[in-house]
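What follows is one structure encoded as structure tokens, with my remarks underneath.
Derivation of every value follows stated rules applied to the coordinates shown; laboratory data play no part. Everything numeric in this text was worked out from a predicted model, so none of it was measured. Note: ideal-geometry Cβ built from the backbone for every residue, glycine included; neighbour counts use all protein chains shown.
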Amino acid sequence: MWHTPESFGKHWLTMTSIYERLGGEEFFIELVRGFYSRVSDDPVLRPMYPSDLGPAERRLRLFLVQYFGGPNTYDQERGHPRLRLRHMDFVIDQRARDIWLSHMLASLDDLLSGEGRPTSAEDAEILRDYLRDTSQFLVNHGGLSILQR
Ligand code: HEM
């Protein structure tokens, strides 16, 4: 994936090492695992996903690992992320987005409150900002929701 300082915006300076600071792959394995365990019980989101959540979990993990500066296995396996395009098959309205985000932030909170995980407040905010903004960007149904936060 090709990124420029502009495409990372305000996060550019910190982006190169945040993956290491968070604890590398293990952090993202746990983040995504906690997220999908919530999705698996969710009446709104669960029907959108295939019956086997394993491959979806892997794709999201590889994507986040790559985005935050880890290995680019996602690109090698899937090509350019084109996230909006890849989500067009799913009806993502404001409610679905809000639920998605709440599961992700809950999983993140679990991780950050766990022992032996000294994540700085700044790094935690970078993660939360990114998840909020990107999930809002993927809303593709229901009007001008891209203007809401
Ligand atoms: C806004 C709410 C969202 C909903 C309802 C949603 C739903 C879905 C669904 C149903 C899939 C297909 C599952 C599969 O991979 O088989 C998917 C794939 C994916 N989603 Fe989301 N998603 C949302 C937000 C996000 C966000 C914010 C990100 C990234 C930060 C993301 C990253 C991905 C990735 C990387 C894939 C796999 C793409 C591929 O390589 O095919 N999604 N999503």
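Quote the FRET efficiency, to the nearest 0.05, computed for ASP93 versus TYR130 with a Förster distance R0 of 22 Å and r equal to the Cβ-Cβ distance.
Efficiency at R0 = 22 Å is approximately 0.55.
Each label point is 7 Å from the Cα along the Cα-to-Cβ direction; what then is the distance between the points at SER17 and TYR49, in nm?
With each label point 7 Å from Cα toward Cβ, the separation is 3.4 nm.
If I take R0 = 30 Å and measure r between the Cβ atoms of ALA121 and ARG86 in this structure, what FRET efficiency does the formula 1/(1 + (r/R0)^6) give, to the nearest 0.05?
It comes out at approximately 0.40.
What's the exposure ranking of TYR36, TYR49, going from fewest to most Cβ atoms within 10 Å?
Ascending Cβ contact count within 10 Å gives the list TYR49, TYR36.
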